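Notes follow the structure.
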Amino acid sequence: MHVVSYALFLVALFQCRFLAFAILDPIDFLALQSIRKSLHDLPGSNFLASWDFTSDPCNFAGVYCASDKVVALNLGDPRAGSPGLTGRIDSAIGKLSALAELSIVPGRIYGSLPESISQLKGLRFLAISRNFISGNIPVTLGRLRRLKTLDLSYNQLTGGIPRSIGTMPELTNVILCHNHLSGSVPPFLSHVLTRLDLKHNALSGSLAPYSLPPSLQSLSLSWNRLTGPVDKLLSRLNNLNYLDLSLNQFTGPIPGRLFSFPITNLQLERNSFSGPVQPTEQVTIPTVDLSHNRLSGHISPMFSTVQNLYLNNNYFTGQVPASFVDRLLSASIRILYLQHNYLTGIEISPTAEIPLRSSLCLQYNCMVPPVQTACPLKAGKMKTRPTSQCKG
């Protein structure tokens, strides 16, 4: 009797396991098996330990199902400092037809991005950052018309940014920074794009006035080889709250209305911007860096309300407005770097005490600095410009 009962128990157990498998679509089940075979835990990680295919795959770590389909795949332990995974992304990923979210935590995933990802028509979120993905961004990614976030940052991607990426209508975040991408920046047509981060690549060429949408709130293009004027483009981007175009070769004027946008950090240093800079109203941006350009004319008193202002290494002339001195002595200005220009004076008493939390640098201008202040080492040791450079 006990033998019969035990046999019935085994049959029931088998049926339960069979039903567990039946929960998931067979195509998704086989795809997960292929994905598992191509991935391995790095030492210290046990993320894949739960991927035991004698149990329900919908209970695996990082696997989320709806009905009988996998809808989200978050590979790797998301906790900070976790070792992550190694291996390749298997092309079977494209078989998960209902997948809406795909992410892989930082680790050592290598090889190219499989083109089969382009088959995931419902994909909304694709984030595979801080790994070792190489090769080109597949042109076919442009078929993901519902994608909202594309994050392939901190990898080893090469080649250009496909123009098809720019045509994706629902993109809100594009993060491709810290790769080896080259060529031009394609036009982005999405009217809901809020963040574009392409810094630390090898991108070149110029940006057309209508190549980026006014919906942008954060734009980072620093550490590239981009050229040409951007004044017409920037004048349209009136929702920006972060702008970093530093370390490029941009030319032409900086539009005055840019300084009235709701920006909290403005980084335009180390380019070839030229001409006068005339904000249309008092500037409330906390940090403004316009250093190492070819800007000229008088320094506008509208900048005196900036907390950290870097105007050094330009061609500014004339007197420093008195409003700067007042705010510097009240410690409202924390950093005021004016070194390496052609300024001729500043109305400040030689006995004035600069607050300890404020920093002023005036050296290498067409005047003897009336107060002795500590300057950054890169400013050099010469206090004033040679007279021959200050004539006229």
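Worth pointing out:
- Yes/no for Phe324 being surrounded by 14 or more Cβ atoms within 10 Å (Cβ to Cβ), within 35 Å of the chain's Cα centre (by Cα), without any contact (Cβ under 8 Å) to a residue 40 or more places away in the chain and assigned to a helix (DSSP H, G or I): yes
- Of everything in segment 234-263 that is aliphatic (A, V, I, L, M) and without any contact (Cβ under 8 Å) to a residue 40 or more places away in the chain, the residue that is most open to solvent (accessible area, probe 1.4 Å) is Leu247.
- Only residues that are assigned to a loop (DSSP other than H, G, I, E, B), touching a Pro at 6+ places or on another chain (Cβ under 8 Å) and either surrounded by 20 or more Cβ atoms within 10 Å (Cβ to Cβ) or acidic (Asp, Glu) (or both) were counted across segment 148-189, and they come to 2.
- For segment 280-306, taking the residues that are of a type outside the set (Asp, Glu) and closer than 17 Å to Val230 by Cβ, the one that is surrounded by the fewest Cβ atoms within 10 Å (Cβ to Cβ) is identified as Arg294.
- Tally of residues being without any contact (Cβ under 8 Å) to a residue 24 or more places away in the chain and under 20 Å from Arg385 (Cβ atoms) across segment 336-349: 1
- In segment 333-358, the qualifying residues are those that are of a type in the set (S, T, N, Q) and within 15 Å of Val320 (Cβ to Cβ), and the one that is most open to solvent (accessible area, probe 1.4 Å) is Thr344.
- Matching residues in segment 25-43 - criterion: being farther than 17 Å from Ile117 by Cβ and open to solvent by 40 Å² or more (accessible area, probe 1.4 Å): Pro26, Leu30, Gln33, Arg36, Lys37, His40, Asp41, Pro43
The values are calculated or read from the model by the stated rules, or taken from the named source; none is laboratory data. Keep in mind the model is a prediction, meaning the values are calculated, not measured. Virtual Cβ from ideal backbone geometry, glycine too; neighbours counted across all protein chains shown. Ligands, DNA and RNA are stripped out before the accessible areas are found, and what is left, the full protein with its side chains, is counted by its heavy atoms. Shrake-Rupley method; radii C 1.70, N 1.55, O 1.52, S 1.80 Å.
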